[in-house]
Amino acid sequence: MRMPAANQAIIERRQAIVDALGRICPAPESVIAADDEIRAYETDGLSAYRQIPLAVVLPSTTEEVAAVMRYCHEQNIPVTARGAGTSLAGGAMPTADGVVVGLMKMRRILEVDFDSRSATVEAGVTNLAITQAVEHEEFFYAPDPSSQLACSIGGNVANNSGGAHCLRYGVTTNNLLGVRLVTVDGAIVDVGGKHADAAGLDLLGLLCGSEGQLGVVTEVTVRILKAPEGARPMLLGFASNERAGACVDAIIGSGIIPVALEFMDKPAIHAVEAFVKAGYPLDVEAVLIVEVEGADDEIDTLLGRIEAIARDHDPRYLRVAANAQEAAAIWQGRKSAFGAVGRISPDYICIDGTIPTSALPETLHRIGEISRTYGFQIANIFHAGDGNLHPLILYDANAPGELEKAERCGADILKLCVDVGGCLSGEHGVGIEKRELMAYQFDEHELDLQMAIKRAFDPAWQLNVGKVFPLDDGPSAPLGRAA
Amino acid sequence: MNDLTPADEAGVAEAVKAAATDAVSLELVGGGSLEGFGRPVQAGRTLRLRQLRGIPLYRPSELVIRALAGTPVGEVVDALDAEGQALPFEPPDLRHLLGNDDAEPTIGGLVAANLSGPARISRGALRDSLIGVRFVDGQGRIQRSGGRVMKNVTGLDLVKLQAGAHGTLGALTEVTFKVLPRSETQSTLLVGGLDAAAASRVMARAMASPLDVSAAAYLPPDVAARSVVAELAGRDDGVVALRLDTFASFLPERLRKLRQHVAAAGATDVLEDQASGTLWGEIRDVRLLTHPLDRAVWRISTAASNGPRLLVSLATDMDGRGFADWSGGLLWLAVAATDDAGAGAIRAAVDAVGGHATLVRAPLAIRAAVDVFHPEAPRLAALTRSVKAAVDPQGIVNPGRMYAGL
C-alpha cells in the first residue's frame, strides 16, 4: 500500500505548526505531538497499516475547527478529519506531512426537538449516544452500524454508514437533515437544517459519504423516530445457499418488509456457535435471521406468514424467538460474528461489497472458487435485505506475503461484486483500501467528473489525501506496516 | 435543427456534445408537465428526452426498478402496481396545478424536480428511493452514479445531486429506484375543530406514536371545504388528516389506538380506503389550490413544528390560502400574482424560522424577475456554482433554470 510522497518542507516546520495549532486551540490537551501520545492516531480500524501524522489537533468548537482549517490552508498543510477512528477502509489514515483534525472533543447534544423529530449534535457524539439522548421519550436514531458504541456521527456522515436495519430505515443519508460544514479554507457553511429537502442543489446528499474529501463536518442534524412497540426475530436454517437465497426473494416478494434480514454461511455459523453458543444449527449450509416489528399480535401474524413462506423452501431448521432472551441470543450470534471469526484465525480482512440479492447464490459459489484458488477460508455474512455482502478472509499476517495475498483475494471478490451488478463498498467506504479498484468500477471520464467535483470544494487537494481516488502518477512512498 | 428529439442515450450525448462545440445552450424537456416551474430558460436549442422510453429492469423480489428518463410516470406506476408494489414517495402530479393538463409527466422530470408526496414523512423523499442514475454531463459524456443496490458508498454520490437539480447538471437518461410493496389498504382519521396551534400538537402527537402514521396534513377551514370528499366538503372548521397504510387485518386495531392517542384533541371521523385515497390525491397533487389559476403558488419547507403557525400567519398577512402537509413540514400557499408574488415577505418569514420557499407557479414575468428558488447564503451559493461549473463547465444545460447565471 502506497501513499503520496510527503512534503519534507512541511515536516521541517513541524514545531512551528504545533505551536500555531496550540495558539488556535488553547484548551488543555488540544494538540498532540509527543511520540508516545500521537501513536494512538497512527492507524484506524484498518490496522494493518500505520503512519504517524505531523500533529493531531482536537478543537472544542466549530470556530476552532474553522481557524485550524484556515491556518492549514494558508500553510498548504494536508488535513485528515477523524472521528472515533473506526474506519475499516483506512479512511482516517494520516499522512506524514498532515494534521489530523480530531472531532472527539466535540460531543455535545445541542438540541432535541421531538415535535419536529430532529436532533442536532456535535460531530464527535457517538452513534449510540444519539439514541441514548432521546430514548426516554421512546425515540431512536435508526442507522445502527455494528461499531455504534464507538463510532461518531461525523464519521457516519463521512461514510454514509448503514447497519442491520437499513432495509426498513435506510442508511445515514436517508436520516440526515443538515450539517454544519467547515470548508478547506475555513468558512463555516450550514447545509440543510431541520426542514426536509434542499432549497437548491442537494449538496447535503453529495457531502454524505464523501469520506472527508469535501470539508469537515462539525455539527449534524438527524431525523429521530418513534420506536416500534416491539420486534422479534426468527431463525431459519437451509441445506444450501440457493434455498436460503430463494427464501429471501420469496419473503420480499410477498409484500412483507422485515426490519432485518441477515444471512450467514456455514463457516460463519460454526465460528459463531463455537464462540457464543447462540443456538444456531450446525447441520445446515446457511442461516437467515428475519426480524419484524410492530404490536405483539401484528408480529405473530407477520412471523406466521413468513414461516409459511419459509416452509415452501424446505428449511432444515425454523425457530421463532419465544422470549426476549431467545431474541437476544439470536442477535448476539450475528453481532459477535466478526469477533468469533477473529478467534478462529490470527487475522481476517472484512470485505464490504454490495450485490443484487438475486446474485447471492452465484456470488457465493464463485467466492468458494476464489477461496480454493488462494487457499484461504472465507466466512460470509450478508445483509440480505439490502445486498451488502461481508466476506471475511481468514489469514495469518505473520506469515510472509500472506497480507498481500489476502488483499489480492479481497480485490478479486470486490471485482466479482462489480461484475454481478453490485459495487465496491456498501457501508465502509473506499478509503485507501479500495482506492485503486475505483478504476474497475468507473470509467476514466466518470472518475474525472468525481474529481472535478472534489476540486470544486478542495482546489489544491488538501483534504484527506490519498483516499477514495486512485493515486496519480506522482511521487509516492510505501505506507507503514503493523509491527 | 434547434429542436432535437434523440432516439437514445447516445443521441443525447451527441446533441450535448454538439451544443458544447457550438457553444449553444440547451433547454431540456421531458413530457412538458412541469413547464412553467423554475426560472425561464433562454436557450438556443431544445433537447427533448421523451423518446428515451422503457423499463429495462424490474425485479420485484429485489425491490428495484429501472426506467429510461422519458418513460411516462404512469407506465412505471402501472408496472409496479401489477406486482403489488409502488414508488415509496408517492409521486405528485403537478400538471393541473401548472396548467399543463395535456402533458404526460415523465420519470426523468419527476427526478429532476425531486417531487415527493404525502408519504415523504414516513417513506422518504424521491431522492431517498433513487439509487442509480445515468446522465449526460455538460461536456456530452455519459456518466453513471449509484446502481441497482440500495447500499452504496463507492465514490461521490451524484445520484442525490441529480435529484432536484432541474436539469442544470446534465440530461438524465436512466433512473433506478428502490421500491416498496403497496400497502394492502389505507384509512384516514380526521380530527376536526382545530386551529394552527392545536393542529401542530395533534400531528406531533400522532407522529410520536409507534403506529407508523404514513401521512399527516392540516387543512384550514377554507381549504378543507374545497375537498370533494363528503366528510370534508363544505366544512367550516380546520381539520388534521392522519393516514394509516397497512395490512387490512391490522387496520381496525391501529385505528382504535390512533384515535385513543389523539382523542382529547377534537371530534373524529374516519375515511375508508377509497375516500382516503381521494383526499390524499387532492393533497398530493395540490388540487385544493389549483383554482383560481391566476394565483401564484408557493411551496415552503420548514421544521414540522413551525409549519401550521407559519402557514396561518402568512395566509392572514397576504390574503392567501394554503395547507400544511408532511406533518407541518411542507406548506402550500396560494397568493395574489402581483408585484413579487409575496416573495419578499414570505422569504423573510421563512428565514426567521429556517427553511426555504419555492415559487412553483407564477406568470413568466414574475418568475424572470424574482428568485424562484430560495436564495442561498453567499458561501453555499459559491459551492453550488462551483459544483455546476465542475459538471457543466460551459454552462450550457438549462442555464438559469434554478438561479440567475447558473
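Nothing in this text is a laboratory measurement; each read-out follows from the coordinates by a stated rule. Fair warning: this is a prediction, and the values are worked out from it, not measured in the lab. Positions of Cβ are backbone-derived with ideal geometry, glycine not excepted, and every protein chain shown enters the neighbour counts.
Return A:423, A:25 ranked ascending by Cβ neighbour count within 10 Å, so the fewest neighbours appear first. Let's see the in-between values first.
Details: A:423 26, A:25 22.
Ranked by crowding around the Cβ, least crowded first: A:25, A:423.
Counting only Cα, what are the radius of gyration and maximum Cα-Cα distance Dmax of the range A:408-465, in Å?
For the range A:408-465, the Cα-based Rg and Dmax read 12.8, 37 Å.
Please state the equivalent ellipsoid semi-axes for the protein assembly as shown: what are the square roots of 5 times the Cα gyration tensor eigenvalues, largest first, in whole Å?
Working: eigenvalues 339, 235, 147 Å².
They are 41, 34, 27 Å, listed from largest to smallest.
For the range A:381-483, treating each Cα as an identical point scatterer without solvent, what Debye log10 I(q)/I(0) comes out at q = 0.20, 0.22, 0.25 1/Å?
These q points yield log10 I(q)/I(0) values of -1.21, -1.32, -1.45.
Can you give the Rg and Dmax of the range A:275-319 based on its C-alpha atoms, in angstrom?
12.4, 34
Tell me, Kirkwood radius of the range B:78-152 from alpha-carbon pair distances, in Å?
Hydrodynamic radius (Kirkwood, Cα pairs) of the range B:78-152 is 14.2 Å.
Return the long-range amide H neighbours of residue A:465 (sequence gap of 5 or more, or a different chain), with a cut-off of under 5 Å between placed amide H atoms.
It is A:79, by chain and number.
Apply the Karplus curve 6.51 cos²θ - 1.76 cosθ + 1.60, θ = phi - 60°, to the phi angles in the range B:15-20 and return the couplings in whole Hz, x for Gly and Pro.
Running phi through 6.51 cos²θ - 1.76 cosθ + 1.60 with θ = phi - 60° gives 5, 5, 4, 5, 5, 5 Hz.
Of all the Cα-Cα pairs you can form in the range A:127-239, what percent are over 16 Å apart?
Across the range A:127-239, Cα pairs with separations above 16 Å total 62 percent.
In vacuum, with every alpha carbon of the range B:167-297 counted as one equal point scatterer, what does the Debye formula give for log10 I(q)/I(0) at q = 0.12, 0.16, 0.18 Å⁻¹? Two decimals, please.
-0.52, -0.83, -0.98
Helix-only mean residue ellipticity at 222 nm, chain A, DSSP H runs n ≥ 4 weighted -39,500 (n - 2.57), per residue, nearest 500. What is it? Could the numbers behind the result be given before it?
Numbers: 17 runs with 168 residues, N = 483.
So the helix-based figure for chain A works out to -10000 deg cm²/dmol.
Using the Cα centre as the reference, give the magnitude of the dipole from point charges on the C-beta atoms of the range A:200-274 (Lys, Arg: +1; Asp, Glu: -1; all else neutral), rounded to the nearest 20 debye.
Working: 5 positive and 9 negative charges, 46 e Å.
In total the dipole reaches around 220 debye.
Find which of A:143, A:177, A:96 sits farthest along the positive direction of the dipole of the range A:81-182, computed with +1 on the beta-carbon of Lys and Arg, -1 on that of Asp and Glu, about the Cα centre.
A:96
Taking H as built 1.01 Å from N, whose amide H comes closer than 5 Å to the amide H of residue A:177, not counting residues under 5 places away?
A:221, A:222, A:223
Can you tell me the dipole magnitude for the protein assembly as shown around its Cα centre, using point charges on the Cβ only (Lys, Arg +1; Asp, Glu -1), in Debye to the nearest 20? Please list the in-between numbers first.
Values: 81 positive and 110 negative charges, 132 e Å.
With Lys and Arg at +1 and Asp and Glu at -1, about 640 debye.
How about residue A:415: which lysines have a C-alpha closer than 21 Å to its C-alpha, ignoring those fewer than 8 places off in the same chain?
Partners within reach: A:405, A:434, A:467, B:151.
Return the percentage of antiparallel bridges among DSSP beta bridges fully within chain B, rounded to the nearest 5 %.
For chain B, the DSSP antiparallel bridge percentage is about 90.
In 5 Å bins starting at 0, how do the alpha-carbon pair distances of the range B:254-356 split up by percent?
2, 11, 19, 20, 18, 13, 8, 6, 2, 0
Return the Cα extents of the range B:200-245 along principal axes one, two and three, sorted largest first, each rounded to a whole Å.
33, 21, 10
Quick check of the Kirkwood formula: for the range A:50-204, what is the inverse mean of 1/r over all pairs of different Cα atoms, in Å?
Values: mean 1/r = 0.0610 Å⁻¹.
Computed over Cα pairs of the range A:50-204, the Kirkwood hydrodynamic radius comes out at 16.4 Å.
How far is the Cα center of the range A:15-81 from the Cα center of the range B:381-406, in Å?
35
About the Cα centre, and with charges only on the beta carbon of Lys, Arg (+1) and Asp, Glu (-1), how big is the dipole of chain B? Nearest 20 debye, please. Spell out each step's value before the answer.
Details: 42 positive and 45 negative charges, 223 e Å.
Using only the charged Cβ atoms, the result is roughly 1060 debye.
Under 5 Å between amide hydrogens, which residues at least 5 positions from residue A:139 or on another chain qualify, with H placed 1.01 Å from N in the peptide plane?
The answer is A:227.
Apply the Karplus curve 6.51 cos²θ - 1.76 cosθ + 1.60, θ = phi - 60°, to the phi angles in the range A:12-23 and return the couplings in whole Hz, x for Gly and Pro.
5, 8, 3, 4, 4, 5, 4, 4, 5, 4, x, 6
Mind sorting B:327, B:276, A:87 by how few other Cβ atoms lie within 10 Å of their own Cβ, fewest first? All intermediate terms of the calculation are to be shown ahead of the outcome.
Values: B:327 32, B:276 23, A:87 28.
Lowest count first: B:276, A:87, B:327.
Dipole of the protein assembly as shown (Lys/Arg Cβ +1, Asp/Glu Cβ -1, origin at the Cα centre): which of B:242, B:188, A:450 lies farthest to the positive side?
With unit charges placed on the Cβ atoms, the residue in question is A:450.
Calculate for chain B the 222 nm mean residue ellipticity that helices alone would give, adding -39,500 (n - 2.57) per DSSP H run of length 4 or more and normalising by residue count, nearest 500 deg cm²/dmol. Each step should come with its number before you reach the end.
Values: 14 runs with 126 residues, N = 406.
Helices in chain B give a 222 nm mean residue ellipticity of -9000 deg cm²/dmol.
Over all directions, the average projected area of the alpha-carbon convex hull for the range A:345-428 comes to how many nm²? Walk me through the numbers before you get to the answer.
Working: hull surface 19.6 nm².
Mean projected area for the range A:345-428: 4.9 nm², to one decimal.
Give the separation of the Cα centroids, the range A:120-197 to the range A:258-331, in Å.
Here the answer is 29 Å between Cα centres.
Using Cβ counts within 10 Å as a stand-in for footprinting exposure, how do A:382, B:135 rank, fewest first?
Details: A:382 28, B:135 32.
Ascending Cβ contact count within 10 Å gives the list A:382, B:135.
Return the sequence-ordered ³J(HN,Hα) values of the range A:151-160 in whole Hz as given by the Karplus equation 6.51 cos²θ - 1.76 cosθ + 1.60 applied to θ = phi - 60°, using x for Gly and Pro.
Result, rounded to whole Hz: 6, 8, 5, x, x, 4, 5, 4, 10, 6.
For chain A, what number results from the quotient of the Cα radius of gyration and 2.2 N^0.38 Å?
Values: Rg = 22.8 Å, N = 483, 2.2 N^0.38 = 23.0 Å.
That works out to 0.99 for chain A.
Using the reciprocal of the averaged 1/r over all distinct C-alpha pairs, how large is the Kirkwood radius of chain B in Å? Walk me through the numbers before you get to the answer.
Details: mean 1/r = 0.0457 Å⁻¹.
Taking every pair of different Cα atoms in chain B, averaging 1/r and inverting gives 21.9 Å.
Taking only the alpha-carbon atoms of the range B:133-193, what semi-axes of the equivalent ellipsoid follow from 5 times the gyration tensor eigenvalues under a square root, in whole Å, largest first? Numbers along the way, then the final one.
On the way: eigenvalues 230, 52, 23 Å².
Largest first, the range B:133-193 gives 34, 16, 11 Å.
Would you work out which of A:250, A:303, A:208 lies farthest towards the positive end of the dipole of chain A? Charges go on Cβ: Lys and Arg +1, Asp and Glu -1.
A:208
Work out, in µm²/s and without decimals, the Stokes-Einstein translational diffusion coefficient of the range B:1-95 at 4 °C, 1.567 mPa s, Rh from Kirkwood over C-alpha pairs. Show your work: numbers first, answer last.
Details: Rh = 15.1 Å.
My calculation gives 86 µm²/s for D.
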